[in-house]
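A short write-up of the structure that comes next.
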Amino acid sequence: MNYISTRGAGAGERHSFSDILLGGLAKDGGLYLPSSYPRVSAEELARWRALPYADLAFEILSKFSDDIPADDLRELTRRTYTAQTYCNVRDDEQAAQITPLKTLGIEDGAPLSLLELSNGPTLAFKDMAMQLLGNLFEYTLAKHGETLNILGATSGDTGSAAEYAMRGKQGIRVFMLSPHRKMSAFQTAQMYSLQDPNIFNIAVEGVFDDCQDIVKAVSNDHAFKAAQKIGTVNSINWARVVAQVVYYFKGYFAATKSNQERVSFTVPSGNFGNVCAGHIARMMGLPIERLVVATNENDVLDEFFRTGIYRVRKAAETYHTSSPSMDISKASNFERFVFDLLGRDPARVLQLFRDVEEKGGFDLAASGDFTRVKEFGFVSGSSTHASRVETIRDVFERYDTMIDTHTADGLKVAREHLQAGIPMIVLETAQPIKFGETIREALLREPERPAAFVGLEALPQRFDVLPADAERVKAYVAKRVAGSVAS
């Protein structure tokens with residue numbers, strides 16, 4: 001398995017899974033992808049159907065990480081995906097399934113289900129990949145006697161998932177940027193209440209895209225990145241994306257009885273990493289009919305999949321919504337899909353994403369390339385605060401199931417793309433407690449709270465506020481790395 005950049009630099013060089021594991025962007029600012037996607041045979045698909053989650057993860061990851069010894073990788077996946085780690089389920093019997101499928105009912109002739117991805121330590125789907133990433137990082141660093149300083153950006157869930165996965169890990173520090181006062185109270189408390197000495201929370205005076213731009217700016221400062229040993233856990237990290245591929249296979253097996261059946265997935269999307277994993281699963285041969293991209297009022301991705309125009313929004317045009325983890329106007333993983341859409345032409349990708357930086361976007365409809373979107377099965381839709389509140393209320397009344405705001409966005413859009421006879425699986429994003437204000441508005445009751453999180457918001461919080469300035473963030477990181485080394 002060899003990895004290449006979407007922008008073409010270093011053509012002819014070889015990069016293994018371990019080579020790119022600890023980094024984020026390629027040196028040319030592109031994103032890493034396999035030189036070709038591994039295909040899954042009918043025999044493999046049949047054999048995988050009966051596997052427990054940890055062993056399915058081993059089978060899929062081994063196709064992308066052939067430089068890690070099989071026994072080591074199997075031990076890592078079995079240590080990661082345990083019923084003890086993914087125990088925040090509403091039904092204890094489901095813990096061993098890791099990602100249980102909850103069937104809601106039949107709508108417009110289509111079975112409609114939720115794939116529960118929020119049973120991990122921070123009650124969000126990000127745990128599914130991040131817990132594995134923590135173990136992979138610690139394994140790789142120990143093997144080479146190295147240390148790593150993780151710089152990440154979060155709109156809510158990525159930060160807490162990363163910090164809970166990395167807290168206490170040897171040789172790792174986490175510096176997490178988040179938009180100051182723009183996360184839910186629960187999300188804020190999850191991150192800022194951590195007191196571990198290797199965790200540093202930075203509240204940036206701006207929006208999530210400012211945080212993300214700072215991370216990219218630091219990643220592109222190759223001298224600083226090397227000197228401070230900077231790595232990333234954001235969704236641009238390839239290991240996170242490939243770890244998410246696993247639950248598409250698991251969801252497919254749970255929703256079907258044979259490998260001749262097809263299913264569709266609806267994915268609440270902001271940074272495009274989660275649905276990009278579905279695209280990769282489809283490219284590997286998983287029988288996916290449609291990939292439905294669901295956005296909130298920040299509808300950059302919906303606009304693209306409807307019109308072929310990718311137009312990023314300025315900070316002032318980015319809405320602060322009741323599904324805040326999707327308040328993103330520049331989808332950092334989108335470049336991977338565009339690379340495939342354009343027949344893996346790195347020169348064109350480079351030019352298009354230069355246009356994003358210089359002109360604010362690009363138009364694929366004008367060039368005729370947009371017609372290929374249908375070949376990849378993508379459709380889309382968007383939601384508003386009123387529609388997500390109505391969806392939360394309807395699903396609770398109709399199916400006695402409480403969902404969070406992002407999952408509500410997904411369900412609302414999924415219902416617009418149902419096809420009779422084809423199961424529709426909506427990827428659950430988080431547990432409702434993380435967005436209590438909107439749940440109370442919709443249902444006039446408190447959201448369900450797992451026992452481990454009682455009193456979370458009352459815990460002491462530790463964080464630093466900085467302006468949206470990459471140089472200030474770099475100085476902050478360098479000072480604390482030096483202080484940690486000195487002590």
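The values are calculated or read from the model by the stated rules, or taken from the named source; none is laboratory data. Bear in mind that the values here come from a model prediction, so they are computed numbers and not experimental data. Here Cβ is always computed from backbone atoms with ideal geometry, including for glycine, and neighbour counts include all displayed protein chains.
Quick one: count up the residues across the range 457-478 that are surrounded by 15 or more Cβ atoms within 10 Å (Cβ to Cβ) and either touching a strand residue (DSSP E or B) at 6+ places or on another chain (Cβ under 7 Å) or aliphatic (A, V, I, L, M) (or both).
Within the range 457-478, residues that are surrounded by 15 or more Cβ atoms within 10 Å (Cβ to Cβ) and either touching a strand residue (DSSP E or B) at 6+ places or on another chain (Cβ under 7 Å) or aliphatic (A, V, I, L, M) (or both) number 7.
Exactly one of these conditions fails for Ala442: (1) at pLDDT 95 or above; (2) more than 24 Å from Ala153 (Cβ to Cβ); (3) assigned to a loop (DSSP other than H, G, I, E, B). Give me its number.
Single failed check for Ala442: (3).
With respect to Asn201, determine if the residue is modelled with pLDDT under 95 and of a type outside the set (A, V, I, L, M). Give the derivation first.
Details: modelled with pLDDT under 95: no; of a type outside the set (A, V, I, L, M): yes.
So Asn201 fails the test.
Residue-by-condition table, conditions (1) within 29 Å of Lys143 (Cα to Cα); (2) surrounded by fewer than 16 Cβ atoms within 10 Å (Cβ to Cβ); (3) polar (S, T, N, Q):
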| residue | (1), (2), (3) |
| --- | --- |
| Ala11 | yes, yes, no |
| Arg14 | yes, yes, no |
| Phe17 | yes, no, no |
| Arg79 | yes, yes, no |
| Gln94 | no, no, yes |
| Thr99 | no, no, yes |
| Pro111 | no, no, no |
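Quickly run through the range 12-40 and pick out the residues that are small (Gly, Ala, Ser) and touching a residue at least 60 places away in the same chain (Cβ under 8 Å). Let's see the steps before the verdict.
From the range 12-40, those small (Gly, Ala, Ser) are 12, 16, 18, 23-24, 26, 29-30, 35-36; that's our starting set.
Within the range 12-40, Ser18, Gly23, Gly24, Gly29, Gly30 meet the criteria.
I'm told Thr122 meets every condition in (1) closer than 23 Å to Ala239 by Cα; (2) of a type outside the set (Lys, Arg); (3) in contact (Cβ under 8 Å) with a residue 40 or more places away in the chain; (4) surrounded by fewer than 18 Cβ atoms within 10 Å (Cβ to Cβ) except one. Can you identify the failing condition by its number?
Thr122 satisfies every listed condition except (4).
Only one of these is over 20 Å from the mean Cα position of the chain (by Cα) and among the small types (Gly, Ala, Ser): Ser367, Ser264, Ser322. Name it. It would help to see each step written out before you state the result.
Working: Ser264 fails: over 20 Å from the mean Cα position of the chain (by Cα); Ser322 fails: over 20 Å from the mean Cα position of the chain (by Cα).
The unique qualifying residue is Ser367.
When you check Asp369 against the structure, is it of a type outside the set (A, V, I, L, M, F, W, C) and either crowded, with 22+ Cβ neighbours inside 10 Å or under 20 Å from His279 (Cβ atoms) (or both), yes or no?
Details: of a type outside the set (A, V, I, L, M, F, W, C): yes; either crowded, with 22+ Cβ neighbours inside 10 Å or under 20 Å from His279 (Cβ atoms) (or both): yes.
For Asp369, the condition - of a type outside the set (A, V, I, L, M, F, W, C) and either crowded, with 22+ Cβ neighbours inside 10 Å or under 20 Å from His279 (Cβ atoms) (or both) - is met.
Just to be sure before I move on: is Phe64 without any contact (Cβ under 8 Å) to a residue 24 or more places away in the chain and either crowded, with 20+ Cβ neighbours inside 10 Å or touching a helix residue (DSSP H, G or I) at 6+ places or on another chain (Cβ under 7 Å) (or both) in the structure I sent? Reasoning before the result, please.
Working: without any contact (Cβ under 8 Å) to a residue 24 or more places away in the chain: no; either crowded, with 20+ Cβ neighbours inside 10 Å or touching a helix residue (DSSP H, G or I) at 6+ places or on another chain (Cβ under 7 Å) (or both): yes.
It is false that Phe64 is without any contact (Cβ under 8 Å) to a residue 24 or more places away in the chain and either crowded, with 20+ Cβ neighbours inside 10 Å or touching a helix residue (DSSP H, G or I) at 6+ places or on another chain (Cβ under 7 Å) (or both).
Just to confirm my filter: which strands (runs of 3 or more DSSP E) fall fully inside the range 111-209 and include at least 2 residues that are among the small types (Gly, Ala, Ser)? First the steps, then the outcome.
On the way: elements: 148-153, 172-179, 199-205.
Filter on the range 111-209 gives 148-153.
Is it the case that Gly23 is on the phi > 0 side of the Ramachandran plot and crowded, with 16+ Cβ neighbours inside 10 Å?
The answer is no for Gly23.
Are any of the residues in the range 257-272 crowded, with 20+ Cβ neighbours inside 10 Å and assigned to a helix (DSSP H, G or I)?
Applying the first criterion (crowded, with 20+ Cβ neighbours inside 10 Å) to the range 257-272 yields 263-272.
Among the residues that remain, those that are also assigned to a helix (DSSP H, G or I) are: none.
Scanning the range 257-272, I find no residue that is crowded, with 20+ Cβ neighbours inside 10 Å and assigned to a helix (DSSP H, G or I), so the answer is no.
Taking the range 324-357 as the region of interest, how many residues are small (Gly, Ala, Ser), modelled with pLDDT of 95 or more and within 22 Å of Ser235 (Cβ to Cβ)? Step through it out loud before you land on a result.
Taking the range 324-357 and keeping what is small (Gly, Ala, Ser), we get 325, 329, 331-332, 343, 347.
In the following step, the residues that additionally are modelled with pLDDT of 95 or more were identified as 343, 347.
Add one more test, that the residue is within 22 Å of Ser235 (Cβ to Cβ), and what stays is none.
Going through the range 324-357 one residue at a time, the tally reaches 0.
Would you please list the contacts, defined by Cβ atoms under 8 Å and residues six or more apart or on different chains, that run from a residue in the range 129-149 that is free of Cβ contacts under 8 Å to residues at least 60 places away in the same chain to a residue that is surrounded by fewer than 17 Cβ atoms within 10 Å (Cβ to Cβ) and part of a helix (DSSP H, G or I)?
Here the result reads Asn135/Arg79, each pair linking the range 129-149 to a residue that is surrounded by fewer than 17 Cβ atoms within 10 Å (Cβ to Cβ) and part of a helix (DSSP H, G or I).
Please count how many residues of the range 409-439 are more than 19 Å from the chain's Cα centre (by Cα), part of a helix (DSSP H, G or I) and charged (D, E, K, R).
Residues in the range 409-439 being more than 19 Å from the chain's Cα centre (by Cα), part of a helix (DSSP H, G or I) and charged (D, E, K, R): 2 in total.
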